[in-house]
Amino acid sequence: MAAKAKRQWPFWEFTLIVAILGAGAWSSTLSPYYLSVDQLFGSTRAFIIPGLLALGLAVVVSLGEIDISLASIIAVGTVTLSKFSAAGVPLGVSAPIVVAIGALCGAFNGLLVAKWRLPSLAVTLGTMGAYRGLAFIIGSEVGYTDFDDSYLWLGSEYIFHGIVPVSLIVFALMAILVWFLMHRTVYGRRCFSIGLNTDASWFAGVDVTETKIRAYALAGALAGLAAIVWIGQYGSARGDNADGSILFVVTAVVLGGIDINGGRGTISGVVLALFLLGTIRNGMGLANIGGPTQTVVLGSLLVAGVLRPAAAAALARLSNPARLKAAGPQGVESSGQE
Amino acid sequence: MSDQPVPAEAAPSRNLVQFVLRLREAGVVVFLVLLGLTFGLLNDRFLSVQNLTIVASSAAILAIAACAQGVVLITRNLDVSVGSMMGLVAYLTADWTANHPGISPAEVVAIAVVLGIGLGAINGLLVAYGKVPALIGTLGTMSLYRGLTYIYAHGQEVSSSRLPHWMLESADIRIAGCPIYVIIAIIIVMAVAWFLYAYPLGRRIYAVGSNGVAAWFFGLRAERVVMFAYVLCGFLCGIAGLLYAARVGTVNVVLASGWEMSSLAAAVIGGVSVSGGSGTVIGAALGAVVLAAIDNGLVLLRVPEFWRMFIQGAAIVAAVAVDALIAEAIRRSTAGRRR
């Protein structure tokens with residue numbers, strides 16, 4: 001992604017926008033209430049929590065790494081919040097602490113991955129279980145629902161005449177922040193350059209270890225923030241909070257056009273993919289399509305999202321046979337975990 | 001990256017330390033012995049023959065699943081649809097068996113195996129020929145297969161009363177005091193280990209995972225090898241799913257969910273590197289025994305269930321770290337011969 005001018009039309013983002021409009025049109029035929037402003041804004045709440053995770057994961061994936069422990073970090077955050085709420089600590093104190101705990105959990109992942117050079121998938125698989133266990137240890141097996149009202153505000157309140165969810169504003173701010181970080185700062189360029197070629201970046205003087213640890217810490221901090229939103233949306237904290245939601249998050253990141261091997265992608269693509277997935281889910285809900293079918297659709301979309309580059313390459317080869325080349329050895333590389 | 005993938009090739013090695021370092025199973029065996037001694041000291045029931053039989057028996061199915069995961073990991077890929085494949089095969093097979101009274105055991109096994117191979121082949125097509133990153137492709141089929149199970153089941157379950165007696169009783173058969181599941185698991189794991197060790201296709205699986213570029217220059221068709229690894233994985237998951245169904249009796253839609261993680265954990269603990277090319281399926285099976293021993297020991301010690309999750313997660317991280325240390329030690333000891 002050297003220069004913007006080189007990007008091939010149609011942009012992936014454009015395709016996503018068309019798909020969102022298509023899914024929206026389909027949804028509006030299902031229910032007369034779909035196109036009301038209340039409904040449209042309200043339905044965004046469904047993907048704010050996975051959306052916060054996806055923003056953080058996008059940064060980690062741009063480095064060519066992965067973090068599947070993020071959903072477990074949410075659980076650590078929610079049970080910690082329940083302890084604070086029970087102790088009567090005001091949210092102004094506990095919220096920064098929970099975000100910091102999330103960042104710490106993330107930084108620990110980053111330390112294992114970057115400093116000790118361990119494979120990120122295996123490490124975060126381990127910490128996924130460990131953090132989940134930690135959440136149960138902190139919160140015991142009983143759920144906590146007796147939250148102080150101030151704790152619920154961020155995730156449950158609406159502003160502007162009760163139309164726009166506060167959590168949507170928070171998500172939008174975070175999206176702009178991460179977009180700025182990845183596309184307008186030196187740090188972001190470093191992330192993409194590490195994702196493209198770690199060795200070359202290192203020779204160019206990029207502190208690979210520090211960059212990676214910061215990315216993981218950011219993802220963890222966003223998961224901590226998502227925990228606060230969770231409390232407001234569901235009003236309950238338990239060790240199994242957000243269990244299994246990582247599939248949706250990874251789907252959004254990949255469908256958003258972030259190359260799973262690192263180095264390519266845009267944050268706006270991720271945000272659009274979240275809107276697309278949210279619209280499809282919302283529409284399927286309106287059409288009374290059950291959870292299992294939704295899971296199948298989600299899985300198919302994920303596969304379609306990753307088959308896209310291969311399909312595009314095949315199309316290009318068909319339309320321009322002169323560029324046909326034999327499959328190189330890079331075709332063998334599969335998951336790019338190193 | 002790992003060096004020579006085969007422990008046995010190091011047999012004529014000049015010093016013993018190097019040889020032991022190259023034996024990927026050494027770490028997990030030592031860990032298993034230490035674990036056994038610790039639990040044995042803390043609770044005298046742990047090391048009784050009866051309890052060890054329980055541990056082996058509960059590890060049997062996971063050992064097969066870990067073996068399946070191990071084959072794919074060795075090619076430098078992974079398969080997170082293992083649990084969903086087991087679940088789908090188990091449900092479809094049990095449902096078919098329940099609707100066709102008088103079906104023979106051989107037919108049931110054939111159905112399970114064919115289904116498993118089919119599901120594995122889909123994964124293989126995606127990853128080997130579709131060039132989809134393994135994690136993403138199988139994450140997709142994981143939800144796809146599980147979703148299909150839900151849709152097919154339609155809120156129902158196959159109750160044990162509808163299954164033939166021989167199927168339910170097969171889980172309790174013992175030969176010379178040893179549960180048949182343990183024997184089946186040992187036979188399968190040994191067969192796969194021998195295949196990977198002694199047959200050209202088995203060696204190619206290591207070659208592709210160890211250094212894909214070199215394998216390509218050597219003329220190996222990586223796509224076929226990876227495809228085969230996924231098909232073998234599906235085949236083994238079919239067997240594991242059927243065994244699981246026969247053991248639990250009542251087959252529901254969530255059967256074996258989460259097993260993708262347990263199988264991955266077992267393989268990693270058993271010394272199979274997620275970076276491909278090294279480790280053996282015997283190690284992966286031993287990793288399954290470690291997980292079963294931890295579970296069993298913690299229950300005997302009355303440790304709350306959620307500590308197990310924490311300890312299992314920590315064990316994975318520790319195993320990966322030890323793996324990296326060993327790889328580093330090997331790299332240093334052979335540094336002169338490397339580029």
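The values are calculated or read from the model by the stated rules, or taken from the named source; none is laboratory data. These figures come from a predicted structure and were not determined experimentally. For neighbour counting, all protein chains shown are included, and Cβ atoms are generated from backbone atoms with ideal geometry for every residue, glycine included.
Among the residues of the stretch A:136-155, write down those that are in a helix (DSSP H, G or I) and more than 8 Å from chain B (Cβ to nearest Cβ). First the steps, then the outcome.
To start, the set of residues in the stretch A:136-155 that are in a helix (DSSP H, G or I) comprises A:136-139, A:149-155.
Within the stretch A:136-155, A:I138, A:G139, A:D149, A:S150, A:Y151, A:L152, A:W153, A:L154, A:G155 qualify.
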Review point. Conditions: (1) small (G, A, S); (2) under 18 Å from A:L255 (Cα atoms); (3) part of a helix (DSSP H, G or I); (4) touching a residue at least 60 places away in the same chain (Cβ under 8 Å). A:G64 meets all but one. Number of the miss?
Key: (3)
Review point. Checking B:R224 against (1) buried (at least 23 other Cβ atoms within 10 Å of the Cβ); (2) within 14 Å of another protein chain (Cβ to nearest Cβ), which single condition isn't satisfied?
Key: (1)
Check your understanding: Say we look at the stretch B:189-221 and pick out the residues that are in contact (Cβ under 8 Å) with a residue 24 or more places away in the chain and aromatic (F, W, Y); which of these is farthest from the other protein chains (Cβ to nearest Cβ)?
Key -> B:Y197
Review point. Applying the selection to the stretch B:291-307, what residues are more than 14 Å from chain A (Cβ to nearest Cβ) and of a type outside the set (K, R)?
Key: B:A292, B:A293, B:N296, B:G297, B:V299, B:L300, B:L301
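What number of residues within the stretch A:265-301 are within 19 Å of A:G195 (Cα to Cα) and either among the polar types (S, T, N, Q) or within 13 Å of another protein chain (Cβ to nearest Cβ) (or both)?
So in the stretch A:265-301, the residues within 19 Å of A:G195 (Cα to Cα) come out as A:265-270.
With the extra rule that they be either among the polar types (S, T, N, Q) or within 13 Å of another protein chain (Cβ to nearest Cβ) (or both), the set shrinks to A:266, A:268.
Final tally of qualifying residues: 2.
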Point to revise | Condition met for A:G220 (over 14 Å from A:V60 (Cβ atoms) and either small (G, A, S) or crowded, with 24+ Cβ neighbours inside 10 Å (or both)) | key: no
Revision key, fill the gap. Exception for B:S143 within (1) closer than 16 Å to B:L232 by Cβ; (2) within 14 Å of chain A (Cβ to nearest Cβ) falls at (1)
Review point. Taking the stretch A:10-40 on its own, how many of its residues are of a type outside the set (A, V, I, L, M) and either modelled with pLDDT of 80 or more or closer than 18 Å to A:I267 by Cα (or both)?
Key: 12
Check your understanding: In the list A:L277, A:L225, which residue meets the criterion of being touching a Phe, Trp or Tyr at 6+ places or on another chain (Cβ under 9 Å) and buried (at least 20 other Cβ atoms within 10 Å of the Cβ)?
Key -> A:L277
Review point. So how many residues does the stretch A:164-203 have that are free of Cβ contacts under 8 Å to residues at least 12 places away in the same chain, part of a helix (DSSP H, G or I) and not small (G, A, S)?
Key: 11
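Check A:A71, A:A103 and return the single one that is assigned to a helix (DSSP H, G or I), within 14 Å of another protein chain (Cβ to nearest Cβ) and touching a Gly at 6+ places or on another chain (Cβ under 8 Å).
Checking each option against the conditions leaves just A:A71.
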Review point. Which members of the stretch A:206-230 meet the condition of being basic (K, R) and in contact with a helix residue (DSSP H, G or I) (Cβ under 6 Å, 6 or more places away or on another chain)?
Key: A:K212
Practice item. Scan the stretch A:117-155 for residues that are more than 30 Å from B:A266 (Cα to Cα), touching a Ser or Thr at 6+ places or on another chain (Cβ under 8 Å) and surrounded by 13 or more Cβ atoms within 10 Å (Cβ to Cβ) and jot them down. Key: A:G143, A:Y144, A:F147, A:D148, A:Y151, A:L154, A:G155
Study note, to complete from the structure: Checked the stretch A:206-247 for anything farther than 12 Å from A:S82 by Cβ, in contact with a Leu (Cβ under 9 Å, 6 or more places away or on another chain) and assigned to a loop (DSSP other than H, G, I, E, B); matches are A:A242, A:S245
Review point. For the stretch A:56-87, which residues satisfy the criterion of being out of contact with any Lys or Arg (no Cβ under 7 Å at 6 or more places or on another chain) and acidic (D, E)?
Key: A:D67
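Kindly indicate whether any position in the stretch A:319-328 is part of a helix (DSSP H, G or I), modelled with pLDDT under 80 and surrounded by 11 or more Cβ atoms within 10 Å (Cβ to Cβ).
To start, the set of residues in the stretch A:319-328 that are part of a helix (DSSP H, G or I) comprises A:319, A:321-323.
Now restrict to residues that are modelled with pLDDT under 80: A:319, A:321-323.
Now drop any that are not surrounded by 11 or more Cβ atoms within 10 Å (Cβ to Cβ), which leaves none.
Checked the stretch A:319-328: no residue is part of a helix (DSSP H, G or I), modelled with pLDDT under 80 and surrounded by 11 or more Cβ atoms within 10 Å (Cβ to Cβ).
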Point to revise | Flag for A:A219 being closer than 19 Å to A:M128 by Cβ and away from chain B (no Cβ under 13 Å) | key: yes
Exercise for review: Could you list, in sequence order, all residues of the stretch B:103-132 that are surrounded by fewer than 24 Cβ atoms within 10 Å (Cβ to Cβ) and without any contact (Cβ under 8 Å) to a residue 12 or more places away in the chain?
Suggested key: B:S104, B:A106, B:E107, B:A110, B:G130, B:K131
Practice item. Output the qualifying pairs, or none if there are none: Cβ atoms under 6 angstrom, residues six or more apart or on different chains, first residue in the stretch A:230-244 and under 13 Å from A:Y144 (Cβ atoms), second residue at pLDDT below 85 and crowded, with 24+ Cβ neighbours inside 10 Å. Key: A:G239/A:G139
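Got a sec? Which of B:G283, B:G271 is within 13 Å of another protein chain (Cβ to nearest Cβ), surrounded by 22 or more Cβ atoms within 10 Å (Cβ to Cβ) and within 30 Å of B:S84 (Cβ to Cβ)? Can you show your working first?
Details: B:G283 fails: within 13 Å of another protein chain (Cβ to nearest Cβ).
Answer to the check: B:G271.
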Study note, to complete from the structure: Counted residues in the stretch B:201-225 being modelled with pLDDT under 85 and under 19 Å from the mean Cα position of the chain (by Cα) come to 0
Review point. What's the number of the condition B:A65 fails, among (1) more than 28 Å from B:A222 (Cα to Cα); (2) modelled with pLDDT of 85 or more?
Key: (1)
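Mind listing just one residue for me: the one in the stretch B:150-182 that is in a helix (DSSP H, G or I), more than 8 Å from every other protein chain (Cβ to nearest Cβ) and β-branched (V, I, T) and, of those, farthest from the chain's Cα centre (by Cα)? Before the answer, list the steps.
Within the stretch B:150-182, the subset in a helix (DSSP H, G or I) is B:150-153, B:160-162, B:165-170, B:180-182.
Narrowing the set further to residues that are more than 8 Å from every other protein chain (Cβ to nearest Cβ) leaves B:152-153, B:160-162, B:165-170, B:180-182.
Retained after the next criterion (residues that are β-branched (V, I, T)): B:180, B:182.
Details: B:I180: 18, B:V182: 14 Å.
The qualifying residue farthest from the chain's Cα centre (by Cα) is B:I180.
Could you list, in sequence order, the residues of the stretch A:176-201 that are of a type in the set (G, A, S) and out of contact with any Gly (no Cβ under 8 Å at 6 or more places or on another chain)?
Within the stretch A:176-201, the subset of a type in the set (G, A, S) is A:188, A:193, A:195, A:200-201.
Of everything in the stretch A:176-201, those that are of a type in the set (G, A, S) and out of contact with any Gly (no Cβ under 8 Å at 6 or more places or on another chain) turn out to be A:G188, A:A200, A:S201.
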Practice item. Starting from the stretch A:96-114, take each residue that is closer than 19 Å to A:I66 by Cβ and list its partners that are of a type in the set (A, V, I, L, M, F, W, C) and outside any helix (DSSP H, G or I), counting only C-beta distances under 7 angstrom and pairs at least six apart or across chains. Key: A:L112/A:L118
Practice item. Kindly indicate whether any position in the stretch B:236-249 is within 12 Å of chain A (Cβ to nearest Cβ) and out of contact with any strand residue (DSSP E or B) (no Cβ under 6 Å at 6 or more places or on another chain). Key: no
Point to revise | Some residue of the stretch A:119-131 being over 21 Å from the mean Cα position of the chain (by Cα), part of a loop (DSSP other than H, G, I, E, B) and either away from chain B (no Cβ under 14 Å) or touching a residue at least 12 places away in the same chain (Cβ under 8 Å) (or both) | key: no
